[in-house]
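Let me begin by presenting the structure, written as structure tokens, before commenting on it.
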Amino acid sequence: MWEYSDKVKEHFLNPRNVGIIEDADGVGEVGSISCGDALKLTFKVDENERIVDVKFQTFGCASAIASSSALTEMLKGKTIEEAEKITNDDIANYLGGLPKEKMHCSVMGQEALEKAIACYRGKPLVEKEGEIVCECFGVTDVEIRRALTEHRLSAVEDVTHYIKAGGGCGNCHDRIQELINEVTGQAPSVRTLPPKMTNIQKIRLIEETLEREIKPALKQDGGDIELVDVEGTRVQVKLHGSCSSCSAAHITLKDFVEKKLREFVLPELVVEEVQ
Amino acid sequence: MMKTVYLDNNATTAVAPEVLEAMLPYLKDHYGNPSSMYGMARRAATALDQARARMAQILGASPEEIVFTSCGTESDNAAIWAAIRSNPIKRHIITSRVEHSAVKNLCEYLSHNGYQVTFVPVDDKGQLDLDYLYDHLSEDTAVVSLMWANNETGVMFPVEEIAREVKDRGGVFHTDAVQAVGKVPMDVGRTGIDMLSLSGHKLHAPKGVGALYVRKGTKFTPFLVGGHQEQNRRGGTENVASIVALGKAAELAGNLMAEENTRVKALRDRLETGILGAVPHAVVNGDTDQRLPNTTNISFEFIEGESILLMMDEIGICASSGSACTSGSLEPSHVLRAMGVPYTAAHGSVRFSLSVYNTRQEIDYVIEKLPPIIARLRQMSPFWKSVQAG
């Protein structure tokens, strides 16, 4: 269970400023029902660009509702110029902190505010820039770079906590790591290819793998295997015991013996049975 | 003090007073190691025998077919590892897309470590695609592992029928029956089930004890390698007090099974009908015909589950949710997603799971208190107004 601060609980149970201002000067909507949280923020300003009324509607968990409520309280009485400076950390701090898995709730508040201010200023809502990295939550590389810089993040997990990217299928984790390496200036770890094995090393490794990984399994079923010769990538073996008469011996050789040898020795190996 | 209405019995259960009473002497006075050679140890060994017999009885098994473990997850792991280690040539496993993480995550691990795993899909009611299952069953299949009843929805699979089919084709069948034991009458000896997992704390015994049924003649290699305990099938000094508790809990469950399927079922139905009658845009997830008597999983559209749970917690109601926010991930329940429950509903799902300790007053309290919570959260939701507007 999450540990929410008393202030988060208080704002969740008694949210301030719930609703919509019908003739609002600024409207900002972020998130969607499929993402699991969404926020619609509306505000009204006076002639001095001071926010006189602000309301929200939120779909989401307790911290999403509390973050929205807190944001509206922070905005009241501020000028647009002052409001612009509010960051997600300010929202989280106002609430006495948020569990790190819930930081995206405060980010959602900041994003809704930005959109609402852009709307007020009559700026066209810019289409998302950059290429989509996280397909599940529609997060672009530009947004990830921004989150990395602004919140000084250094792990894929943190990126997920803040802006959700990588929280779905996980296919984009490598790409996010690349972006982290780029932004933090770390050189990606280069995997050097192992030097080519000598024939002796290769044969020894095949023997070891047979002893350790393969023979014990075959022996349980009363079978055994013997290494006859190795020619290049061709491994010649002889089957003994119950394996030699087993109708599934071919499957054993290809699906088990060959797979194991490819896994532990060389991916190009081909296993052949000799009589 | 605020009263607590505990409706999360699929997560864990209260230890029954009779169970606590039965186990205490083995923590206080009879602390001997059952393997030792004196009176106090013999007393512990006799208590184990009695617990084993009680456990066997509720399952329809023989005492020597029961292996005590530390939990349901251990039982599941022990069963699947035993099946694949005993048949090392076979490299294929069949399971479903809606298993508990004890089976699901192990199978996913195995799928990255040399095994081919078939995850059988389910339909919108959470029922298995049996043709898909049988089409994928082959000579290479080391084990078929399917849950008896789903922890989230309560949907029951026809495991006895599937076990028979798997058996006829020479396969090994394991079932995770953690949610089903004590709620569904069982006679495993007469079925094709080779191994069956169960857990103590879902059955009014304490946490930290479980059991695995292993049919006589099933090839088995221990998961926990060590001493000769449990007939060489599970090393480690027996958790005597908790095993005694599990035995007592099994006996109680046997006596209460009829009540579970009449009074508790009626309470569950009352809760479900009451909520659906009072809350619009609420739907029950899963097959209501083939379902545990104590479970209902209801989706409240356009709001999010964690918010519902925390508001219920304020008034003493305990339940759980398949929403993303409560799972610690960003994706809602894999069970509901596998059933094709739309996101709009999956995020707002709440599971209520009852026990014999629940009363009609408690259920009526929930029926009275829940609808205003749902209405309040919907008033806050940006999606609710658009639905209202049509």
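Key figures
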{"item": "Filter result for the condition that a residue is of a type in the set (A, V, I, L, M) and not in a loop (DSSP other than H, G, I, E, B), over B:A61, B:A82", "result": "B:A82"}
{"item": "Hey, B:H174 in a strand (DSSP E or B) and either of a type outside the set (F, W, Y) or away from chain A (no Cβ under 14 Å) (or both) or not", "result": "yes"}
{"item": "Elements of type strands (runs of 3 or more DSSP E) contained in the stretch A:1-76, each with 3 or more residues being out of contact with any Leu (no Cβ under 6 Å at 6 or more places or on another chain), modelled with pLDDT of 95 or more and more than 9 Å from chain B (Cβ to nearest Cβ)", "result": "A:37-45, A:51-59"}
{"item": "Any hit, the stretch B:120-138, residues being free of Cβ contacts under 8 Å to residues at least 60 places away in the same chain and in contact with a Phe, Trp or Tyr (Cβ under 8 Å, 6 or more places away or on another chain)", "result": "yes"}
{"item": "B:I315 within 12 Å of chain A (Cβ to nearest Cβ) and hydrophobic (A, V, I, L, M, F, W, C)", "result": "yes"}
{"item": "Residue among B:S145, B:S75 that is in a strand (DSSP E or B), among the hydroxyl-bearing types (S, T, Y) and away from chain A (no Cβ under 14 Å)", "result": "B:S145"}
{"item": "Filtered residue count, the stretch B:87-119, keeping only those that are without any contact (Cβ under 8 Å) to a residue 40 or more places away in the chain and part of a helix (DSSP H, G or I)", "result": "8"}
{"item": "Qualifying positions in the stretch B:251-300 - touching a residue at least 60 places away in the same chain (Cβ under 8 Å) and within 14 Å of chain A (Cβ to nearest Cβ)", "result": "B:H281, B:F300"}
{"item": "Inter-residue pairs, beta-carbon under 6 Å, first under 18 Å from A:P15 (Cα atoms) and in the stretch B:366-387, second assigned to a helix (DSSP H, G or I) and of a type in the set (S, T, N, Q), 6+ apart", "result": "B:L377/B:S307"}
{"item": "Count of residues meeting criterion [assigned to a helix (DSSP H, G or I), touching a strand residue (DSSP E or B) at 6+ places or on another chain (Cβ under 6 Å) and under 30 Å from A:N17 (Cβ atoms)] in the stretch B:336-365", "result": "1"}
{"item": "Residue within the stretch A:219-234 that is in a loop (DSSP other than H, G, I, E, B) and within 13 Å of chain B (Cβ to nearest Cβ) present", "result": "yes"}
{"item": "Within the stretch A:176-232, considering residues that are closer than 15 Å to A:T252 by Cα and exposed (fewer than 13 other Cβ atoms within 10 Å of the Cβ), the one modelled with the highest pLDDT", "result": "A:E226"}
{"item": "Any chance B:V279 is among the β-branched types (V, I, T), over 23 Å from the mean Cα position of the chain (by Cα) and either outside the structural domain of B:C71 (by TED's automatic domain parsing) or more than 21 Å from B:E362 (Cα to Cα) (or both)", "result": "yes"}
{"item": "Looking only at the stretch B:318-337, and only at residues there that are of a type in the set (A, V, I, L, M) and more than 8 Å from chain A (Cβ to nearest Cβ), the one that is surrounded by the most Cβ atoms within 10 Å (Cβ to Cβ)", "result": "B:V335"}
{"item": "Residue match in the stretch A:38-51 (condition: within 23 Å of the chain's Cα centre (by Cα), not assigned by TED's automatic domain parsing to the domain that holds A:Y162 and not polar (S, T, N, Q))", "result": "yes"}
{"item": "Among (1) over 22 Å from B:V350 (Cβ atoms); (2) in contact (Cβ under 8 Å) with a residue 24 or more places away in the chain, the one test that A:C61 misses", "result": "(1)"}
{"item": "Flag if B:S138 is in a loop (DSSP other than H, G, I, E, B), small (G, A, S) and within 30 Å of A:D221 (Cα to Cα)", "result": "yes"}
{"item": "Residue tally, condition within 17 Å of the chain's Cα centre (by Cα) and among the hydrophobic types (A, V, I, L, M, F, W, C), over the stretch B:1-17", "result": "4"}
{"item": "Sole exception among (1) hydrophobic (A, V, I, L, M, F, W, C); (2) touching a helix residue (DSSP H, G or I) at 6+ places or on another chain (Cβ under 6 Å); (3) not in a helix (DSSP H, G or I) for A:I91, by number", "result": "(3)"}
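Let's see how each residue does on (1) touching a residue at least 40 places away in the same chain (Cβ under 8 Å); (2) part of a loop (DSSP other than H, G, I, E, B):
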site	(1), (2)
A:G97	yes, yes
A:M108	yes, no
A:A112	yes, no
A:I117	yes, no
A:K123	no, yes
A:V133	yes, no
A:F137	yes, yes
A:R145	no, no
A:L148	no, no
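Listed here are the residues, each with its yes/no results for (1) hydrophobic (A, V, I, L, M, F, W, C); (2) out of contact with any Pro (no Cβ under 6 Å at 6 or more places or on another chain).
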{"position": "B:V279", "(1), (2)": "yes, no"}
{"position": "B:R291", "(1), (2)": "no, yes"}
{"position": "B:T295", "(1), (2)": "no, yes"}
{"position": "B:M312", "(1), (2)": "yes, yes"}
{"position": "B:I315", "(1), (2)": "yes, yes"}
{"position": "B:C318", "(1), (2)": "yes, yes"}
{"position": "B:G322", "(1), (2)": "no, no"}
{"position": "B:V335", "(1), (2)": "yes, yes"}
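The values are calculated or read from the model by the stated rules, or taken from the named source; none is laboratory data. Please read these numbers as outputs of a predicted model, since none were measured by experiment. Cβ sites come from the backbone with ideal geometry, for glycine too, and all protein chains shown count toward neighbours.
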